[in-house]
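Encoded as structure tokens, the structure appears first; notes follow it.
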Amino acid sequence: MNINKSNIKLKISILHTIILTFISVSVFGQIFDSEQNPLSVKWRQIHSNGFTLVYPTELEKEAQRMVNTIGHIYPYVGQTLIRQKTSIPIVFQNRGTIANGFVQLAPKKVQFYTTPPQQFDSQDWLNNLAVHELRHVAQFDKMTGGKAHPFPEEIYFAYMGLSIPTWFFEGDAVNSETSLTNVGRGRQPSWIMPFRTSLLSEKKFSYSKAYFGSDKDQTPGYYQLGYLMVANLKKEFGESIQDSLLTAIHDSPLRLYPFSQSLKKFTGNSTKKYYLKMVAQLENEWAKQDKLNKSESYKSLNRPAKYASNYFLPTELANKHILALKQTKAETATFVSIDERKNEKELFKIGYQEQPWFSYGNGKLIWDEIRFDPRYRQRSYSVICIYDFEKQTKRQLTFKTRLFSPTISGDGKKIVAVQIDLSNRCNLVELDPQTGKINKTYPNPENFILQTPALNIDGSQLCWISVNEKGKSLWLQDKTGNITQLISETTQQLSRPTFIGDEIAFNAHISGIDNIYNINPSTKKITALTAAKYGAFNPSLTTDCQSIIFNNYKVMGYEISKTPISPKETQENHFVYFGAAADKQENNNIFKNIPDSIYQSKPYQPLAHLFNFHSVSPTIDEDDRLGLYLKSNDLLNILDFSAGIDYYSDLRKIAYSAGFSFKGLYPILNAKFTNRPRTGFYRLGNAVNQANWRENHLELKASVPLNFSAYQHNYSFLAELGTSYTQRNFAPKEAMLFNKTIKFPLNYKFGFSHSTRTTERDIAPKWAQIVNLSYFNQPFDKRLTGDLFAVESAFYFPGLAKNHSLMASFNYQESSGALKFNTEINTVYGYGQINAKSELKNTLLLNYRFPIAFPDAEIGSLAYIRNLRGGVFSHYENIGLETNLTQPKTFGVELRSSINLLRYQPIVDLGARVVFVNKIYNQNPILELLFNYSF
């Protein structure tokens, strides 16, 4: 078997991966995002206390509030890490509709996505972001000393990713948002619910599975794992334990598993042993809570799931079928109808949502979806879609809107939604169900964050949730137009109110477990409607008005259950709060006494801040050459710049290069200049000679990448034009034989792709079409003739079973002159190890891939095996051109596995492929070892 070249490739790939573990993937790569805003966005800035806030002009009021807040709270946030001051820019992004936030190095910055979510904590969204993300700033400063000397940000960032598990970073930040405020996710039973459910269901997960997740089961998530681990550490070892751990890692960096070793130093337990010890404590505490709660069991109205599955927002239709939004590890978001025998009928799939949401009334189904700007991906919209059951048609009702949680009245005549504008102004708006036009805006003078409105049957009454720094409230506008605050500000996680006749059902965790409650608007008396063991959510009234259908959480996810409308005994709150010790150690409400100063703001000119040097880092290029580069990325991702050297080990010489990518315009402009060594062989007389020279090479490229989405479909287009100029410096002898310049050869590319959304268990999209056209010619240099035209394509189809994939790829090229022997199309497996018998013209590649198993197997600290995947292939070459190639040129099998190595976050794709070669080539089978990774 021919394995020599494959082994060499494997060694190179391993070396490549080890180096890339410590550096960025490419010269212009960024860890979090590299997307832009339109140039039409106008920016301002405020400087105070080491912070620089950069924000769109519409957010002036919010920026003034937050500069006061951030400067005031940072000493409290960083106190237990002994970090009282910092210096960092904070960029406010308001064009998007997905709530988020992050801190990064390379370049060092904080990013706030300011649009508040429709279901989160019982406090102001930006306040919550501030305390959580500032804790990350304190963590980073603790590890780096808060200084850059000289430009090591990428190295620092990579080292932190290698030495400290992600669960610790996020768990520590959640602990801060919980212990430093009166709210925080650590106080929410629903947030920790998956962990509690798995333990009480006697489904204990290994440390790796709890950390890295599963393609099979509903796992806690590393945020939840981290919060519970950190809270337990603070309880047992005091408020300084995080500082002690990070200090020990900083002081002794060159160790295998530095976090686990440091944890063992202070606690006597390795990470895994401490996890198992904590799980035993959790199980004991939650078992006690379970005994105190008087829970009821509810029959499931959906079929048992083989893997994690959620049936969100169940609603009974007139025919007694149940409508639900189904999402599983193997299926994307799909509306399904479930009959009384639990048979499911798929209606249609939808696109990405900010949270699972829909509303139904009188044969009309409405929901919201996210739509991204095709070019400037920092800008997105939340639009409303509608489906007519009678006509069996769906359509997008609004365009380029920022509308969330639309609700339709029971008679289908009125729609109300939450609208959030670019200044974070929040209102309820009423829309026409036919045109999507806004007919009415409801006043919200206090500018509370508004969430999940609901209309009654005839649309005469409206209820909703509001959020401010004091907590959540439930409101009602009655038939006369009067507005009443039914529940005043509370830290209860009030969510998704719905009308039950003249009363209102809603979700809360009054008993320490999320359940469904009911409030009488006249008396404001609250009664319980469910007593679920783990959690009950999303009630809706049945068509006979005698019962509610709701989500009952179980070990595999959100199931569907039903119960008569019957008030139950109100239970005491037995919530197990694991952050109690941290509360006593830290300031419990850092948002008291926030200053109200007015800071001077001034315009921020993006083009004046294009250069922001942050790192000198090792790199590897596409030919596995080691290099060292100085890198710059501006705060708004407009310009990426790098300059450095690469070592050509085969020539033992150095190349120098500098390049940039300017992404502010509609086309992305790239340029790169390289001074590099080259070598070549030529025949002169009967002798073969070697020529060595240096050349200056300039590459220029303009590209327009466009991406669209509609429901479950994603589309992309790429138009690209590139050229180059090469000036060669030959020795006098070779200068007479070779061209000294290569003047502006052109390459043109156009690509189109369409795919449907994929799931965690999918090998590839169920349906996808990809076509790329390329053309190369040399119109400006008459000494160099020839051109090359290439077509590459790939078509994906569903396989024989769920999550199987069949890919058919046909590729064609026609070349001449100096480009005659270039290869620009996909080749058969093993191509580089088979002696060619003819010029390559086309290929047909047939690949069938399928999942074999999802073992979630932990092999000590060595590896966590997520899945096993198999594949078979049959590849053809020069079809229709050679009669003796009626059989495939190569065929064979492959086996792959996605694993986490050494308990590190990157997912490694490891496998092997056996390639059998057509008998006319007289070639032994080829063994190819496969190695790849992703974050």
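Annotations
- Among residues of the range 731-757 that are without any contact (Cβ under 8 Å) to a residue 24 or more places away in the chain and among the basic types (Lys, Arg), those with a Cβ under 7 angstrom from a residue that is surrounded by 16 or more Cβ atoms within 10 Å (Cβ to Cβ) and assigned to a strand (DSSP E or B), sequence gap 6+ or separate chain, pair up as Lys740/Arg728.
- Given (1) surrounded by fewer than 16 Cβ atoms within 10 Å (Cβ to Cβ); (2) assigned by TED's automatic domain parsing to the domain that holds Leu462, index of the condition Ala505 fails: (1)
- Scanning the range 811-822 for residues that are surrounded by 15 or more Cβ atoms within 10 Å (Cβ to Cβ) and either assigned to a loop (DSSP other than H, G, I, E, B) or of a type in the set (Gly, Ala, Ser) (or both) yields Ser815, Ala818.
- Residue match in the range 592-599 (condition: in contact with a strand residue (DSSP E or B) (Cβ under 7 Å, 6 or more places away or on another chain), assigned by TED's automatic domain parsing to the domain that holds Leu282 and modelled with pLDDT of 95 or more): yes
- Flag if Leu450 is of a type in the set (A, V, I, L, M, F, W, C), under 30 Å from the mean Cα position of the chain (by Cα) and not assigned by TED's automatic domain parsing to the domain that holds Pro116: yes
- Annotation: of all residues in the range 825-844 being farther than 30 Å from His804 by Cβ and in contact with a Leu (Cβ under 8 Å, 6 or more places away or on another chain), the one that is surrounded by the most Cβ atoms within 10 Å (Cβ to Cβ) is Lys841.
- Members of the range 91-111 that are free of Cβ contacts under 8 Å to residues at least 40 places away in the same chain and either under 28 Å from Leu245 (Cα atoms) or assigned to a helix (DSSP H, G or I) (or both): Asn100, Gly101, Val103, Val110
- The listed residue being assigned by TED's automatic domain parsing to the domain that holds Ile770, free of Cβ contacts under 8 Å to residues at least 60 places away in the same chain, surrounded by 14 or more Cβ atoms within 10 Å (Cβ to Cβ) and out of contact with any Lys or Arg (no Cβ under 6 Å at 6 or more places or on another chain), out of Ala808, Ala857, Ala801: Ala808
- Among the residues examined, Ala702 qualifies as without any contact (Cβ under 8 Å) to a residue 60 or more places away in the chain and of a type in the set (A, V, I, L, M).
- The numbered conditions (1) surrounded by fewer than 17 Cβ atoms within 10 Å (Cβ to Cβ); (2) assigned by TED's automatic domain parsing to the domain that holds Leu225; (3) in contact with a Leu (Cβ under 6 Å, 6 or more places away or on another chain) are all true for His574 except (2).
- Count of the range 342-376 residues, restricted to those that are assigned to a strand (DSSP E or B) and under 19 Å from Gln419 (Cα atoms), is 8.
- Residue match in the range 885-902 (condition: of a type in the set (A, V, I, L, M, F, W, C), touching a Lys or Arg at 6+ places or on another chain (Cβ under 9 Å), touching a residue at least 40 places away in the same chain (Cβ under 8 Å) and not in a strand (DSSP E or B)): no
- In the range 390-402, of all residues being surrounded by fewer than 16 Cβ atoms within 10 Å (Cβ to Cβ) and basic (Lys, Arg), the one that is nearest to Asn424 (Cα to Cα) corresponds to Lys400.
- Evaluation of Glu202 against (1) modelled with pLDDT of 95 or more; (2) not in a helix (DSSP H, G or I) (one fails), failing number: (1)
- Index of the failed condition, Leu254 passing every other in (1) farther than 30 Å from Glu760 by Cα; (2) surrounded by 16 or more Cβ atoms within 10 Å (Cβ to Cβ); (3) of a type in the set (A, V, I, L, M, F, W, C): (2)
- Selection status of Asn847, out of contact with any Ser or Thr (no Cβ under 7 Å at 6 or more places or on another chain), farther than 19 Å from Pro888 by Cα and surrounded by 16 or more Cβ atoms within 10 Å (Cβ to Cβ): no
- All positions within the range 338-389 that are surrounded by 20 or more Cβ atoms within 10 Å (Cβ to Cβ), of a type in the set (Phe, Trp, Tyr) and closer than 19 Å to Thr407 by Cα: Trp357, Phe358, Tyr360, Trp367, Tyr387
- When residues in the range 536-578 are screened for being under 13 Å from Glu296 (Cβ atoms) and of a type outside the set (Phe, Trp, Tyr), 10 of them pass.
- Filter result for Lys740 (surrounded by fewer than 14 Cβ atoms within 10 Å (Cβ to Cβ), closer than 20 Å to Thr674 by Cα and among the basic types (Lys, Arg)): yes
- Among the residues of this structure, Thr52 counts as one that is in contact with a Pro (Cβ under 6 Å, 6 or more places away or on another chain) and at pLDDT 85 or above.
- Yes/no for Phe795 being at pLDDT 95 or above and either in contact with a helix residue (DSSP H, G or I) (Cβ under 9 Å, 6 or more places away or on another chain) or crowded, with 16+ Cβ neighbours inside 10 Å (or both): no
- Among the residues of the range 706-737, the ones that are farther than 30 Å from Leu806 by Cα and surrounded by fewer than 14 Cβ atoms within 10 Å (Cβ to Cβ) come to 6 in all.
The values are calculated or read from the model by the stated rules, or taken from the named source; none is laboratory data. These figures come from a predicted structure and were not determined experimentally. Note that each Cβ is placed from the backbone with ideal geometry, even for glycine, and that neighbours are counted across all protein chains shown.
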